[in-house]
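Q: Have a look at the structure that comes next, please.
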Amino acid sequence: MAFNGTKGSKFVTPEEAAKVVCSGDWVDYGFGGGFPELMDKALAARKDELKDVKIRGGLVIRPRIEVVECDQEQSAFTYYSWHIGDYERKLQSRGLCRFMPMILRYLPDIYRHHIRVDVAFVPVSAPDENGYCGLGISNYAWPTIIEAAKTVVFEINERLPRLQGLNGSHRVHISQADYIVEGEHEPLPVRTYREPSETETAIAKLVVDEIPDGAVLSLGVGGVPFTVAKMLAGSDVKDLGCHTGTISDAFLALYRAGKLTNARKEIDAGYSTWNLAMGSQELYEWLDAEPDIFHPGDVDYVHSPERIAKMKNVISINGGVELDLMGQENAESAGSRQLSGTGGQLDFLEGAFRSEGGKGFICLASTHTKKDGSLKSNIVPFIPGGSTVSAPRSLIQYVATEYGIAKLTGLSLLERAEAMARIAHPQFRDELMRYARENFR
């Protein structure tokens, strides 16, 4: 049922709402698949009127940001990203995207205490008869940002799932907006999975053997986590739960197989808990059709290691770029070139670490192929200078390659290094083992 209140002066055109942005302002666009499409176009149209407007976003999966593409000289707009996605990686190579490091669980506090928000463009679903809107596929840190922003613009997107969450965890009210815009939108951006490689399949098989009945899953977005989910869907494992940063088609596959019941969760029993949604149109339709089985929540709720740790058998599965022999992980850069971001990986690694029976996995192929066709090991003696250490050695529990799983917790430096060398590609094992025995005691 549509909102039956009076459409007052808050309801304006995108062009009128864009006039609230002034030169020098910081404007927030949000994170992930939720994107203020109409406001982006309207603000881009003001290019010749504005100077030094800074746009914040992250993990954009749509193919274009108008304020960036219309102003490649960056005379009016500069784009900043909290987490580099595929499109933003291309922008970065063109000098059109500036990366800001953060750990996702701390992002609300960054907004509360350390940075300013002049204008927030918030994508929301159509309001119900009482004026409540859902936050669609990107709860993110919007509740905090809305409180911090000087001016709030809601952009009603008729294509967003309408779920409002458990006890209103995923909703906002039109009274919280200074301006509201609406109009026709493009289909929601989708994130698809390619068929898994032999290496990804081998890694997934090893990880699946470590997952017990009743496990609570946090799955990163990628080939190995999705393959793990597909294997679990066809396995004898039962009563799996979901408490994850991003809900994806991996969880939809588990639900369809009858595996995702959330029955044994100590927190949010019966509900799949998530902060972002990213996947197929089928995924978004599932969220819209069955809102009563989900607990979408903000970063403060979903990414809290303390809350995650109160559940048993939390299994966190993420990918990495490279790890060194001590277990330090680079999850986000190639040298000084940013590939993604830390995001919420640390939050779920710590949550799993503190969970009774919990396991945090970093999964990666043992090698990658360089441009000249030669192999390079993804397990290295040390993280090279200029590269990022995304997770410290002390927080890495399990590392999985196609050659095995190394459990690092409780091992000495030498024992860790030997365990890491054993799951490296055979071509590099002797060299890594030699380095380990020469440098660790």
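Q: Going by what's in this entry, would Asp347 be described as assigned to a helix (DSSP H, G or I), within 26 Å of the chain's Cα centre (by Cα), at pLDDT 95 or above and among the charged types (D, E, K, R)? I'd like the intermediate steps shown before the answer.
A: Numbers: assigned to a helix (DSSP H, G or I): yes; within 26 Å of the chain's Cα centre (by Cα): yes; at pLDDT 95 or above: yes; among the charged types (D, E, K, R): yes.
Yes.
Q: Looking at the stretch 213-238, which of its residues are farther than 26 Å from Arg307 by Cα and in contact with an Asp or Glu (Cβ under 7 Å, 6 or more places away or on another chain)? Can you show your working first?
A: Within the stretch 213-238, the subset farther than 26 Å from Arg307 by Cα is 223, 227, 230-231, 233-236.
Gly223, Thr227, listed by residue number.
Q: Do any helices (runs of 4 or more DSSP H) lying entirely in the stretch 262-325 carry at least 3 residues that are among the acidic types (Asp, Glu), and which ones are they?
A: On the way: elements: 281-289, 299-302, 305-309.
Helices (runs of 4 or more DSSP H) meeting the threshold: 281-289.
Q: So, in the stretch 361-382, how many residues would count as being touching a Leu at 6+ places or on another chain (Cβ under 8 Å) and assigned to a loop (DSSP other than H, G, I, E, B)? It would help to see each step written out before you state the result.
A: Pass one, the stretch 361-382, residues touching a Leu at 6+ places or on another chain (Cβ under 8 Å): 362, 364, 367-369, 377-382.
The next check asks that each one be assigned to a loop (DSSP other than H, G, I, E, B); those that pass are 364, 378, 381-382.
Looking only at that region, the number is 4.
Q: Taking the options Gly410, Gly385, Gly404, name whichever one is of a type in the set (Gly, Ala, Ser) and at pLDDT below 95. Full working, then the answer.
A: Numbers: Gly410 fails: at pLDDT below 95; Gly404 fails: at pLDDT below 95.
Selected residue: Gly385, the only one of Gly410, Gly385, Gly404 that is of a type in the set (Gly, Ala, Ser) and at pLDDT below 95.
Residue-wise test of (1) farther than 18 Å from Ile145 by Cβ; (2) surrounded by 15 or more Cβ atoms within 10 Å (Cβ to Cβ); (3) free of Cβ contacts under 8 Å to residues at least 60 places away in the same chain.
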site	(1), (2), (3)
Asp25	no, yes, no
Lys41	yes, yes, yes
Glu73	yes, no, yes
Ile115	no, no, no
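Q: I'd like the residue in the stretch 102-122 that is assigned to a strand (DSSP E or B) and touching a Ser or Thr at 6+ places or on another chain (Cβ under 7 Å) and, out of all such residues, is nearest to Leu43 (Cα to Cα). Please lay out each step first, then the result.
A: Step one: of the stretch 102-122, the residues assigned to a strand (DSSP E or B) are 103, 119-122.
Filter once more, so that each one left must be touching a Ser or Thr at 6+ places or on another chain (Cβ under 7 Å): 103, 119.
Values: Ile103: 29, Val119: 12 Å.
Per the criteria, the residue is Val119.
Q: Determine whether Glu155 is surrounded by fewer than 19 Cβ atoms within 10 Å (Cβ to Cβ), modelled with pLDDT of 95 or more and of a type in the set (D, E, K, R).
A: Values: surrounded by fewer than 19 Cβ atoms within 10 Å (Cβ to Cβ): no; modelled with pLDDT of 95 or more: yes; of a type in the set (D, E, K, R): yes.
It is false that Glu155 is surrounded by fewer than 19 Cβ atoms within 10 Å (Cβ to Cβ), modelled with pLDDT of 95 or more and of a type in the set (D, E, K, R).
Q: Quickly run through the stretch 59-81 and pick out the residues that are in a loop (DSSP other than H, G, I, E, B), in contact with a helix residue (DSSP H, G or I) (Cβ under 9 Å, 6 or more places away or on another chain) and at negative phi. Break it down stepwise before answering.
A: Step one: filter the stretch 59-81 for residues in a loop (DSSP other than H, G, I, E, B), giving 59-65, 70-76.
Narrowing the set further to residues that are in contact with a helix residue (DSSP H, G or I) (Cβ under 9 Å, 6 or more places away or on another chain) leaves 59-65, 70-71, 74-76.
Scanning the stretch 59-81 gives Val60, Ile61, Arg62, Pro63, Arg64, Ile65, Cys70, Asp71, Ser75, Ala76.
Q: Now, a different point. Which count do you get for residues in the stretch 185-227 that are within 23 Å of Val60 (Cα to Cα), buried (at least 18 other Cβ atoms within 10 Å of the Cβ) and among the polar types (S, T, N, Q)?
A: 1
Q: Which one of these is out of contact with any helix residue (DSSP H, G or I) (no Cβ under 7 Å at 6 or more places or on another chain) and not charged (D, E, K, R): Gly358, Gly351, Gly335, Gly319?
A: That would be Gly335, the only listed residue that is out of contact with any helix residue (DSSP H, G or I) (no Cβ under 7 Å at 6 or more places or on another chain) and not charged (D, E, K, R).
Q: Specify the residue that is surrounded by the most Cβ atoms within 10 Å (Cβ to Cβ); the eligible residues are those in the stretch 418-441 that are free of Cβ contacts under 8 Å to residues at least 24 places away in the same chain and among the basic types (Lys, Arg).
A: That would be Arg429.
Q: Being among the hydrophobic types (A, V, I, L, M, F, W, C), within 20 Å of the chain's Cα centre (by Cα) and in a strand (DSSP E or B) is the filter here; which residues of the stretch 225-248 pass it? Explain how you work it out, then say what you get.
A: Taking the stretch 225-248 as the starting set, the residues that turn out to be among the hydrophobic types (A, V, I, L, M, F, W, C) are 226, 228-229, 231-233, 237, 240, 242, 247.
Cutting the leftovers down to within 20 Å of the chain's Cα centre (by Cα) gives us 226, 228-229, 242, 247.
Cys242, Ile247, listed by residue number.
Q: Moving on. Looking at the stretch 328-349, can you tell me whether even one residue there is among the acidic types (Asp, Glu), free of Cβ contacts under 8 Å to residues at least 24 places away in the same chain and closer than 27 Å to Arg94 by Cα?
A: Initially, the stretch 328-349 is screened for residues among the acidic types (Asp, Glu), giving 329, 332, 347.
Within this subset, residues satisfying the condition of being free of Cβ contacts under 8 Å to residues at least 24 places away in the same chain are none.
No: zero hits.
Q: Let me ask another. Out of the stretch 23-55, which residues are under 18 Å from Ile137 (Cα atoms) and in a strand (DSSP E or B)?
A: If the condition is that a residue be under 18 Å from Ile137 (Cα atoms) and in a strand (DSSP E or B), then Asp28 is the only one that fits.
Q: Take the conditions of a type outside the set (Ser, Thr, Tyr), closer than 22 Å to Leu107 by Cα and either without any contact (Cβ under 8 Å) to a residue 40 or more places away in the chain or part of a loop (DSSP other than H, G, I, E, B) (or both) and apply them to Gly386. Does it pass? Don't jump to the end; show me each part of the working.
A: Values: of a type outside the set (Ser, Thr, Tyr): yes; closer than 22 Å to Leu107 by Cα: no; either without any contact (Cβ under 8 Å) to a residue 40 or more places away in the chain or part of a loop (DSSP other than H, G, I, E, B) (or both): yes.
Spelling it out, it is not the case that Gly386 is of a type outside the set (Ser, Thr, Tyr), closer than 22 Å to Leu107 by Cα and either without any contact (Cβ under 8 Å) to a residue 40 or more places away in the chain or part of a loop (DSSP other than H, G, I, E, B) (or both).
The values are calculated or read from the model by the stated rules, or taken from the named source; none is laboratory data. Predicted model, so just to flag it, every value in this text is computed and none were measured. Cβ sites come from the backbone with ideal geometry, for glycine too, and all protein chains shown count toward neighbours.
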